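Here's the structure, in structure tokens; my notes come after.
Rule-based calculations on the coordinates, nothing more; no lab input. The model shown is predicted, which means the values in this text are computed figures rather than measured ones. Cβ atoms come from the backbone with ideal geometry, glycine included; neighbour counts cover every protein chain shown.
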Amino acid sequence: MNIAPLSILLILLTAAAGTPALAATPDGAAAKAKRLTIEHLAMLAEVSDPQPSPEGDWIAYTVTRRDFEEDESRGRIWMVPAAGGEAAALTAEDQSSSHPRWSPDGRHLAFLSARDEEPAQVWRLFRKGGEAVQLTDTAQAVDMFAWSPDSTRLLLLLQDASAAERAAHEQGDDYEEQTPPPWVIDRQQFKTDYVGYLDRRRKHVYVLDVATGTLTQLTHGDFDHAEPAWSPDGRSIAFVSNRTEEPDDNYNTDIWVVSADPSQAPSEPTRITRNDGPDESPSWSPDGRSIAHTSVTDAEAMLYATAHLAVSAADGGGTRVLTEDLDRMIFSPRFSPDGKHLWFLLEDSGEQNLARIRPQGGRIERVIVGEQVVSAFAPGPDGAVAALISTPRMPPEVFRLAGRKLDQRSFANREALAGLELGTVEEVRFKSADGTEIEGFVIKPPGFVEGRRYPTILDIHGGPQAQYDYSFSFEAQLYAANGYLVLHPNPRGSTGYGQDFCLAIWRDWGGPDYADVMAAVDDAIARGWADPERLGVTGWSYGGMLTNHVITKTDRFKAAATGASATMYATNYGHDMYQNWWEQELGFPWEAEARQLYERMSPYYRLDRVVTPTLILGGEEDWNVPIINSEQLYLALRQLGVETQLVVYPGQYHGIDTPSYEMDLHQRYLDWFARHLGGG
């Protein structure tokens, strides 16, 4: 595929000259098979957000594709018969749309769309056909919306509009962009990724009367609000907010309820939960008497803590935790339409199951389980469930669960994957240096031959509170298609194995987790799969941070690629978006004891031990792990005489989202490892 020249801010300040060769193509019969290539990025789609219709006969969902001519990704709303059949596109290909939601009366399908360079608004399609009609006209983008149970109102989540947004909305075509005013900072949390500097503009809940267009603000104050949800009778709205005295210095979100009656606005919300940790994802019971939600009961464990399933009385009368003995992460609880079950996502040991439990508690039933990952779901009115499922050989697609029967309904990637020989994904378990059992996944090259050793890439996941699982990985399959064995370990610090396992790296980054990822390498060598003389290591975010620990502690790797990583941790305090995390885990860097901890944990102070050629990458506008970290690492390695290269992607945040930059990123990985590992 021909791609226009990239204006990458390539600080191609390269310490070693030479044009990298493309990864070698494996020889033999397997080389004749069709392999995954970087160009498949243009063919693969991202399916998301399945939503069954009120009658249960259709499922709407979003399909996002990359447009390399416009160099952007755009979403499109589709629907497919629940019983199976041909899917139909409901929105235009040249206008990005997302978040499809059926009106409860079944007459309309609403969605979000940003059109004509305007902020995202709610649009409505009539079920019987016709053009989409714009329902909202706000100065700022609509973050999310939901229909009221009687289909006459919408709740909206809106951030307070800026002066520039208000002026542009009022003046229309006559608006001329002005020089922005300076940022005036008076908050403790004053920066976040994808936004930049934060001011006092907050996110609030509104209600829109669809017939009259009247918009009423329901929440107020110097607080952010999130995840609003209608009560079944349409009289109240539950939402999530941190309304502590200083919301910026803790993670204590609670569930609140406010009246949805405009005549009572503004009214004070009722606090439903009183747990010290985060309570999130509210879902009303059909009778309106209870609210299910996730609850972190160990606030001191902070971001390492397990989120449990809980049910609270809708009047604030108390909370029951249903999964405290499970010690696994719970996501997205939802009551079944008949109120007999609570559905939720359950992360466990490389899987993500769809499970359910009685609202009173009891035995957990894992309904969709096994070597697959359920990333989203929505219960339908007939007891069926629309689910988004991925496997090692298939990106997420829409499925329908009816009783015990699970059937695929969307096939957005069938054509792109047709005829491709993908790498086999094998789950492995092995012992770390101290005897701790570690689980991981090995992605073998297509045509893998037992007894032959392959160049191997240790690919470390970010987080660190995350896990590798049975979902499709384009990057891993791309490496495998180029002849590499790929290792995906879940070291300590990962979720999916209990809170103690996750918390094991507390104040010890690059300690137990380093031992675990090295054990993954040794295990692959012991099995006769990995070539010990051709090892590479890579990771993004915390995966990049652990990569930096790896190259300062061992010379076994012939190449490294570290993305969006940190090396001198004190640099980030007051510069990234994690001041709470730094303070609560490591302390204030100016205090003597904390300063010693920052320095002991920072790989920057061991860079003189590095011999591994290292590719360093990041986004220019990343406030999650700011690019200053990559710049410091690059300059230090260059001054130390280590082969290195720094690549900075203009305008990109913590994730590289512009399609041409995505393609460039993957090509640079392949080129770097081909140069230093010799290809597959």
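Structure values in brief
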item: Segment 506-543: trypsin sites (Lys or Arg not before Pro) in DSSP coil with no more than 15 other Cβ atoms inside 10 Å; result: Arg507, Arg527
item: Rounded to 5, the percent of DSSP beta bridges in the chain classed as antiparallel; result: 80 percent
item: For segment 482-559: Kirkwood Rh in Å [reciprocal of mean 1/r, alpha carbons]; result: 13.2 Å
item: In segment 91-184, the GluC sites (Glu not before Pro) that fall in loop regions by DSSP, at most 14 other Cβ within 10 Å; result: Glu93, Glu117, Glu131, Glu176, Glu177
item: Dipole in debye (nearest 20) - segment 336-457, about Cα centre, beta carbon charges: Lys, Arg +1; Asp, Glu -1; result: 260 debye
item: Cα-Cα P(r), the chain, percent of pairs per 10 Å interval; result: 3, 14, 24, 28, 21, 9, 2, 0
item: Helix axis angle, 628-639 relative to the chain longest principal axis, alpha carbon, degrees; result: 10 degrees
item: Residue-by-residue Karplus 3J(HN,Hα) for segment 520-534, coefficients 6.51, -1.76, 1.60, Hz, glycine and proline x; result: 4, 5, 4, 5, 5, 5, 4, 6, x, 9, 8, 8, x, 8, 9
item: For a label point 7 Å along the Cα-to-beta-carbon line of Glu177, residues of segment 110-146 with backbone N under 15 Å; result: 117-119
item: Placed amide H near Ser290: partners under 5 Å, 5+ positions off or other chain; result: Ser285, Ala314
item: Taking Asp469, Asp67 and counting other C-beta atoms within 10 Å, the order from fewest to most; result: Asp67, Asp469
item: The chain, relative contact order [Cα under 8 Å, separation at least 6], %; result: 13 percent
item: Cross-link partners of Lys444 among lysines (Cα-Cα below 29 Å; sequence separation of 8 or more within a chain); result: Lys32, Lys34, Lys431, Lys553, Lys558
item: CD proxy at 222 nm, helix term only [per DSSP H run n ≥ 4: -39500 (n - 2.57); per residue of the chain; nearest 500]; result: -4000 deg cm²/dmol
item: Centroid-to-centroid separation of segment 437-482 and segment 512-535 [C-alpha atoms, Å]; result: 12 Å
item: Low-density loop cleavage sites - GluC sites (Glu not before Pro) in segment 436-543, where at most 16 other Cβ are within 10 Å (DSSP); result: Glu450
item: Charge sum, other residues only, whose C-beta stays under 15 Å from Ala384's C-beta, Lys/Arg counted +1 and Asp/Glu -1; result: +2
item: Local net charge near Gly361, Cβ-Cβ under 15 Å (Lys/Arg +1, Asp/Glu -1); result: +2
item: Residue-count net charge about Thr152 - beta-carbon cut-off 11 Å; Lys, Arg +1, Asp, Glu -1; result: -2
item: Lysines whose Cα lies under 17 Å from that of Lys191, excluding same-chain neighbours fewer than 8 positions away; result: Lys203
item: Relative exposure of Leu345, Leu635, Leu487, judged by other C-beta atoms within 10 Å (fewest first); result: Leu635, Leu345, Leu487
